[in-house]
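K.L.:
Can you read through this structure? Questions will come right after.
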Amino acid sequence: MIEASRIRLASYIDGLPFQPDRFQIEALEAIWVGKSVVVTAPTGAGKTLIAEGAVATNLAMGRRSFYTTPIKALSNQKFTDLVATYGKDKVGLLTGDNVINGDAPVVVMTTEVLRNMIYEGSRALSGLGIVILDEVHYLADRHRGSVWEEVIIHLDTSVPIVSLSATIANAQEFTDWVRSRRGPTELVIETDRPVPLTSMYMWRDRHHNGGVDMLPVFGRNGRQNASVSKLMGRSTGRFRRFSTPRRTETVEYLHRDGMLPAIYFVFSRKGCDSAAQQIASSQLALTTADDRKRIRAILERHVAHLSDDDLAVLGFERWRSWLERGVASHHAGLIPAFKEAVEELFVEGLVQVVVATETLALGINMPAKTVVLESLSKFNGETHELLQPSDYTQLTGRAGRRGIDTEGTAVVLYSSYVPFDRVSGIAAAGSNPLRSSFAPSYNMAVNLISRYDSETAHRLLSASFANFSDTHRLDSLVANLEAAKQDLLTYQQAAECEKGDVWSLSSDLSPGSSRAVDSEVLKPGSVLDIGGTISVMLARSWGGTQPTLVLTDASAKKRTVKARNLPAGSLVLGTLTLPNPVKASDVHYRTEIAGQLEAFIPDADPVSVFASAAEGGPESCTDLEDHLRWVERARRTDRDIRRLERRLAKANRNDVAAEFDRLRAVLDAFGYTAGWQLTAKGKQLRRLYNELDLLLSESLVRGYLDDLDASQFAALVSIFTYETRGRDVPQAPAAEFAREPLEAIRVSWNELAEKEKARGLTPTRPPDVGLLDTIYAWASGLELDDIFVSEDFRAGDFVRSTRQLLDLLRQVREGFPAYREVAGSAIDLIDRGIVAVDTGR
């Protein structure tokens, strides 16, 4: 079988128009013999070829292939690419929005769709030969990352998986976990970028008439550029010398130096639109008359399905004017038709600057010559935080077009809030560890109970990457604790002194810091032995028992030292008679003293500098400094041991399973489970894949959404899918019909949150009425221009949010028979116009 696989692999490679890279061949070899594979490689290195080889393998064997992606836009793009390769009869698409040829031998889908298939035991899984998990590092996403782990854990182990990712720091740990779940698994790592990347730092300089300058982040030695670091250190005082370049200045600089096309990352939708407008309104000439003609033709093709009224609401004319100037914005708030037009225009070279949010970095094929990062911090929904090294790598991975550019450039703009050393640190690291965000949900709980017995379910939860990593870290803590205890014994033995107790002579500050110097023996002219260096004290400050001493030695150099910093074993060897007056700062005077020092003969009985020194005590030990160093190492190790013990005391090898049991207690309290059995309510909950799944189920079961017509039902269900961005959640909608059911739902939410808090769970977020009135208006038959004012970019958000609502309404229709008719009618009412036709393809 292995030999046959090699023959097929050789045939596949021979059929390619180019020679694959080493890492691609290595991954394909593992796939062709039926192993799972984890591939980490920089953006643009060629991970797609590995996925295509996996698809070709299974087609040749008559088996199905599933290609999963984290976002619908990427699924749409992969679908188009695979159709171009294999034809529309062999490729399908399942994203919730689109269901195209779902029984095809190759199906592209979002990862959630595959997870749902697994839980539902879908017949589509029969004959499945391989699953490709693209952008698998999305597993760390705190909102959706659990889905990737659920797939890896619950997918039949006979189906190998191909996990594709940008560079991650703990690829071996992740691979070890996949191997523990899936069997034989190969890790394939590629670190070289196909197009080298240069990181640059750009700023405005007040001392250069506000001009813009740019230098590399790293020097030739690969370390932080000392020239930039030194220059940035000069920006102090009330009026800072350096500031952030304006957006138009940045693009003008790049245009002048031939560094376009560029992707300019701004981490907010409003910021993207504002930046695009600013750049487009400048005097930059980025397009020709022929370019503008081609731009208009492409735009007309992408928006042909939209009415003039819809286009007016969406601000099409203003948006088109930006594109004709060679500038565009790209973010989740735009309708898919607009985003697709931008992507095509950029690839065609007709748009030179795309201002985008970080979602553009997720696998969409839009390489640029230059990437600009306006800021290294972004809002995570709760607070601003610095980018992780992996974020930097993902975003800058777009810089450098293979076969076109000899290098790509990443430009980081100056910020007074992020020091240059933090910039260089983030850029240099390249990646950070992939950390699990796995957390059980109510839907996951009822699906586990439905599919497995208690022991198996708990074992599967314990097999999560979260628990795998925790167990490894826990084992490492135990090993570190045992090693630290052995070290402590060694240090304690080395610290022992036969002349007495050295532990009382040491402090946590420094040797000698807790003891007073002996003013009777330490005076001008005293000859001191300080750690083996012979010095003469010329003077001392008025410092009580801890003065500052002025010293010189045989080299005639002057130095000062605080008495508290003297080593505990410092000795007074005798006294020299100093010429008067004492001139400590006079080099000729110190030279004369150095001459006397050469002829000095120490006293027979040197004495300690410190007043606490006792005759024959540990202070007189010639090895005292060594003893004290071992004391300090022992004390540090003892503190480390206590810290490790505290961490171990808090550690729990099965936190995920424990949280699952707490969720089960809540489900029991609401009647969804009875022991390890699902009730009728529990079986219905299996079909709800929603953040507020239990609250929605309770609202339906308790009848809070009864007696509503289809438009009202659609509006009420929207409170479970929508979440207001960047402002306070509205407290009450205008629609009168919603008042009574909303009050009942809020009471249920309070009841649920109290039960969750009582069991140590994070309370479910409250429902959000921010879209209710808009959905009611749309479901009631109003048009886009009746709901939004002209050029209101929120209309794009409305389309995206309505598509999410449609997904949930379909789940209600399929899972709750009592609401099948009203949910179906609600779908018909809102799945129309711009919402219905603008599905991404």
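The values are calculated or read from the model by the stated rules, or taken from the named source; none is laboratory data. All values reported here derive from a predicted model rather than from experimental measurement. All Cβ positions, glycine included, derive from the backbone under ideal geometry; neighbour counts span all protein chains shown. Side chains included, ligands, DNA and RNA excluded: accessible areas come from the protein's heavy atoms. Shrake-Rupley method; radii C 1.70, N 1.55, O 1.52, S 1.80 Å.
K.L.:
Report the calculated FRET efficiency for Glu814 and Asp290 (r = Cβ-Cβ distance, R0 = 45 Å), to the nearest 0.05.
P.N.:
Numbers: r = 52 Å, r/R0 = 1.15.
It comes out at approximately 0.30.
K.L.:
Here is a follow-up. Carbon and sulfur atoms: what percent of the 1.4 Å accessible area of the chain do they account for?
P.N.:
Numbers: 18330 of 37540 Å².
Carbon plus sulfur share of accessible area: 49 percent.
K.L.:
Take the Cβ-Cβ distance between Asp605 and Lys88 as r, set R0 to 60 Å, and report the resulting FRET efficiency rounded to the nearest 0.05.
P.N.:
Details: r = 101 Å, r/R0 = 1.68.
Rounded to the nearest 0.05, the efficiency is 0.05.
K.L.:
Beta carbons within 10 angstrom, averaged per residue: use that to sort the peptides 11-17, 225-231, 264-270, highest first. Don't skip to the answer; put the middle values down first.
P.N.:
Details: 11-17: 10.6, 225-231: 15.9, 264-270: 21.6.
My ranking of the peptides, most packed first, is 264-270, 225-231, 11-17.
K.L.:
Could you name the lysines in cross-link range of Lys90, using Cα to Cα under 21 Å and dropping any fewer than eight places away on the same chain?
P.N.:
Lys72, Lys78
K.L.:
Please list, by residue number, every one of the trypsin sites (Lys or Arg not before Pro) in the stretch 651-759 that is coil in DSSP and has at most 10 other beta-carbon atoms within 10 Å. Write out the running numbers ahead of the final one.
P.N.:
Values: sites: Arg653, Arg662, Arg664, Lys681, Lys683, Arg686, Arg687, Arg702, Arg725, Arg727, Arg739, Arg746, Lys755, Lys757, Arg759; in loops: Arg653, Arg686, Arg687, Arg702, Arg725, Arg727, Arg759.
Passing sites in the stretch 651-759 are Arg727.
K.L.:
Another question, then. Under the 0.36 nm per residue contour assumption, what length would be gained going from the current alpha-carbon distance of Arg142 and Asn365 to full extension? Please report the intermediate quantities before stating the final value.
P.N.:
Values: separation 223, 0.36 × 223 = 80.28 nm, distance 2.50 nm.
So the chain would gain 77.8 nm between Arg142 and Asn365.
K.L.:
Using only alpha carbon pairs under 8 Å that are at least six residues apart, calculate the relative contact order of the chain and give it in whole percent. Walk me through the intermediate numbers first.
P.N.:
Working: 1395 pairs, mean separation 96.4, N = 841.
Across the chain, relative contact order equals 11 percent.
K.L.:
For the stretch 309-378, which GluC sites (Glu not before Pro) are both in a DSSP coil and crowded by at most 14 other Cβ atoms within 10 Å? Let's see the in-between values first.
P.N.:
Working: sites: Glu317, Glu324, Glu340, Glu343, Glu344, Glu348, Glu358, Glu374; in loops: Glu348, Glu374.
Counting only loop positions with at most 14 other Cβ atoms within 10 Å, the GluC sites (Glu not before Pro) in the stretch 309-378 are Glu348.
K.L.:
Could you compute the net charge surrounding Trp503? Neighbours are other residues with a C-beta less than 10 Å from the C-beta of Trp503; K and R count +1, D and E count -1.
P.N.:
Details: positive: Arg635; negative: Glu496, Asp501.
Combined, the nearby Lys, Arg, Asp and Glu give -1.
K.L.:
Dipole of the stretch 55-102 (Lys/Arg Cβ +1, Asp/Glu Cβ -1, origin at the Cα centre): which of Ala56, Ile100, Tyr67 lies farthest to the positive side?
P.N.:
Ala56
K.L.:
Suppose all protein chains stay in the model; what accessible area per residue would a 1.4 Å probe give for the chain, in Å²?
P.N.:
Numbers: 37540 Å² over 841 residues.
For the chain, the per-residue accessible area is 45 Å².
K.L.:
Working out 0.36 nm times the residue gap between Ile404 and Ser555, then minus their Cα-Cα distance, what length gain in nm do you get to one decimal?
P.N.:
Working: separation 151, 0.36 × 151 = 54.36 nm, distance 6.38 nm.
Taking Ile404 through Ser555 to full extension adds about 48.0 nm, to one decimal.
K.L.:
Just one of (1) 63, 36, 29; (2) 59, 33, 25; (3) 49, 42, 24 is semi-axes √(5λ) of the Cα gyration tensor in Å as worked out from the coordinates here. Which one is it?
P.N.:
(1)
K.L.:
A further question follows. All other residues with a Cβ under 9 Å from the Cβ of Phe720 taken together, and with Lys, Arg as +1 and Asp, Glu as -1, what is their net charge?
P.N.:
Values: positive: none; negative: Glu691, Asp693, Asp768.
That works out to -3.
K.L.:
Leaving out same-chain residues fewer than 8 places away, which lysines sit with a Cα under 22 Å from that of Lys558?
P.N.:
Output for Lys558: Lys523, Lys583.
K.L.:
Full extension from Arg725 to Asp623: what is 0.36 nm times the residue separation minus their Cα-Cα distance, to one decimal in nm? Mind showing how you got there, number by number?
P.N.:
On the way: separation 102, 0.36 × 102 = 36.72 nm, distance 6.67 nm.
The span from Arg725 to Asp623 would gain 30.1 nm if fully extended.
K.L.:
Now, a different point. Only helical DSSP H runs with n ≥ 4 go in: add -39500 (n - 2.57) per run for the chain, normalise by residue count and round the 222 nm mean residue ellipticity to 500 deg cm²/dmol. Walk me through the numbers on the way to the answer.
P.N.:
Working: 31 runs with 369 residues, N = 841.
Result for the chain, helices only: -13500 deg cm²/dmol.
K.L.:
If you don't mind, there's one more thing I want to ask. Could I have the simple spin-label model distance between Asp661 and Tyr417, label points 7 Å from Cα toward Cβ, reported in nm to one decimal?
P.N.:
4.3
K.L.:
Also, I was wondering about something else. Pull out a ≥ b ≥ c, the square roots of the eigenvalues of the alpha-carbon gyration tensor of the stretch 397-472, then state rounded if a/c is under 1.5, prolate if not and a/b is larger than b/c, and oblate in the remaining case. Working shown, then result.
P.N.:
Details: a/c = 3.51, a/b = 2.47, b/c = 1.42.
Verdict is prolate for the stretch 397-472.
K.L.:
Select from the stretch 380-469 those GluC sites (Glu not before Pro) which occupy a DSSP coil region and have at most 13 other Cβ atoms within 10 Å, ordered by residue number. Walk me through the numbers before you get to the answer.
P.N.:
Details: sites: Glu382, Glu385, Glu407, Glu455; in loops: Glu382, Glu407.
Qualifying residues, ordered by number: Glu382, Glu407.
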